[in-house]
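Trainee: Just passing along the structure, written as structure tokens.
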Amino acid sequence: MRFFFNLLYHPFAFTYDLVAWVVSFGKWQDWVFSVIPHLQGTRILELGHGPGHLQRLLLNRGMFAVAIDESTQMGRIAKRRLGASHKLTRGITQSLPYPSGCFDCVVSTFPTEYIYDPHTLAEVRRVLRSGGRLVVLPVTYPKSGFLQWLYKVTRESPAAFDNAIKERLLKPFQKAGFIMEMEIVELKSSRLIILLAEK
């Protein structure tokens, strides 16, 4: 799966929106936008901006939004969507090129394993203001039969959400010094897990 995601995020980035729409049965953007009520403040950093949909929504809401992504291809796609003047950075989350304490909130939707890297979490803590928040949407649990089967086949979503999975999701953030809370958002077709990490 890691190889597939690398292809999707790099040479085949132009297919990302279509693939995301197909595998989610058109729910992908709804899932991504579900983080909006959990964001706080007006200075927002997005980790892994992808094609730029969340950035567009944040800008439309009058927020000061910037973003970073390591994929050159995703950067090009997002620039076309957002305009050349928008603040997108190509880089890695383990070394964020921003001053300390400059963001109210950091957000990441469906990130890969970089979000659990201690260096990433240390950098997020550094760039967050005191009392700032990291919001992560790591996984969704489909409720419909076909989606459940598809996620089981791709091993992208476990069959049941239990305490072991909860501990595995929360532990890296707690170890990095965040105060953690988990919110489960119930939608008609899926259950979203949203992690709220307070500095």
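The values are calculated or read from the model by the stated rules, or taken from the named source; none is laboratory data. Every value quoted in this text rests on a predicted model; they were computed, and no experiment measured them. FYI the Cβ positions are ideal-geometry reconstructions off the backbone, even for glycines, and counts take in every protein chain you see.
Trainee: What is the one condition in (1) within 25 Å of residue 175 (Cβ to Cβ); (2) modelled with pLDDT of 90 or more that residue 112 does not satisfy?
Mentor: Here residue 112 clears every test but (2).
Trainee: Criterion first (among the hydrophobic types (A, V, I, L, M, F, W, C), surrounded by 13 or more Cβ atoms within 10 Å (Cβ to Cβ), in a strand (DSSP E or B) and modelled with pLDDT under 95) does residue 137 satisfy it?
Mentor: Working: among the hydrophobic types (A, V, I, L, M, F, W, C): yes; surrounded by 13 or more Cβ atoms within 10 Å (Cβ to Cβ): yes; in a strand (DSSP E or B): yes; modelled with pLDDT under 95: yes.
Spelling it out, residue 137 is indeed among the hydrophobic types (A, V, I, L, M, F, W, C), surrounded by 13 or more Cβ atoms within 10 Å (Cβ to Cβ), in a strand (DSSP E or B) and modelled with pLDDT under 95.
Trainee: Turning to a different aspect of this structure: What residue, of 62, 101, 41, is in a loop (DSSP other than H, G, I, E, B), closer than 23 Å to residue 172 by Cβ and at pLDDT 85 or above?
Mentor: Details: 62 fails: closer than 23 Å to residue 172 by Cβ; 41 fails: closer than 23 Å to residue 172 by Cβ.
One residue alone meets the criteria, 101.
Trainee: Which residues, counting only those in segment 99-116, are in contact with an Asp or Glu (Cβ under 9 Å, 6 or more places away or on another chain) and either surrounded by fewer than 22 Cβ atoms within 10 Å (Cβ to Cβ) or more than 14 Å from residue 196 (Cβ to Cβ) (or both)?
Mentor: First, the residues of segment 99-116 that are in contact with an Asp or Glu (Cβ under 9 Å, 6 or more places away or on another chain): 106-109, 114.
Result: 114, single match.
Trainee: Scan segment 43-75 for residues that are without any contact (Cβ under 8 Å) to a residue 60 or more places away in the chain and among the basic types (Lys, Arg) and report the count.
Mentor: Residues flagged as without any contact (Cβ under 8 Å) to a residue 60 or more places away in the chain and among the basic types (Lys, Arg) within segment 43-75 amount to 2.
Trainee: Now a separate question. Within segment 77-84, is there a residue that is of a type in the set (A, V, I, L, M, F, W, C), at pLDDT 85 or above and closer than 20 Å to residue 195 by Cα? Outline the logic, then answer.
Mentor: Keep residues of segment 77-84 that are of a type in the set (A, V, I, L, M, F, W, C), which gives 77-78, 82, 84.
Right, trim to at pLDDT 85 or above and you get 77-78, 82.
Restricting the remaining residues to those that are closer than 20 Å to residue 195 by Cα gives none.
No, there is no match, as no residue in segment 77-84 is of a type in the set (A, V, I, L, M, F, W, C), at pLDDT 85 or above and closer than 20 Å to residue 195 by Cα.
Trainee: Determine, yes or no, whether residue 150 is of a type in the set (A, V, I, L, M) and either in a strand (DSSP E or B) or at pLDDT below 90 (or both). Break it down stepwise before answering.
Mentor: Values: of a type in the set (A, V, I, L, M): yes; either in a strand (DSSP E or B) or at pLDDT below 90 (or both): yes.
Yes; evaluated as a whole, the condition is true for this residue.
Trainee: State which residue pairs qualify: first residue in a helix (DSSP H, G or I) and inside segment 111-127, second residue of a type in the set (Phe, Trp, Tyr) in any location, beta carbons under 8 Å apart, and separation of 6 or more residues or different chains.
Mentor: 120/114; 121/173; 121/178; 125/178; 127/98; 127/103
Trainee: When you scan segment 37-59, do you find a residue that is over 16 Å from the mean Cα position of the chain (by Cα), exposed (fewer than 14 other Cβ atoms within 10 Å of the Cβ) and of a type outside the set (S, T, N, Q), even just one?
Mentor: No - not one qualifying residue is present in segment 37-59.
Trainee: One residue is enough: does segment 174-184 have a residue meeting the conditions at pLDDT below 75, among the polar types (S, T, N, Q), surrounded by fewer than 16 Cβ atoms within 10 Å (Cβ to Cβ) and more than 15 Å from residue 38 (Cβ to Cβ)? Working first, answer last.
Mentor: Going through segment 174-184, the residues at pLDDT below 75 turn out to be none.
Looking for residues that are at pLDDT below 75, among the polar types (S, T, N, Q), surrounded by fewer than 16 Cβ atoms within 10 Å (Cβ to Cβ) and more than 15 Å from residue 38 (Cβ to Cβ), one finds none in segment 174-184, hence no.
Trainee: Next question, about the same structure. Does residue 168 satisfy the criteria of being at pLDDT 80 or above, of a type in the set (Lys, Arg) and more than 22 Å from residue 92 (Cα to Cα)?
Mentor: Details: at pLDDT 80 or above: yes; of a type in the set (Lys, Arg): yes; more than 22 Å from residue 92 (Cα to Cα): yes.
Yes.
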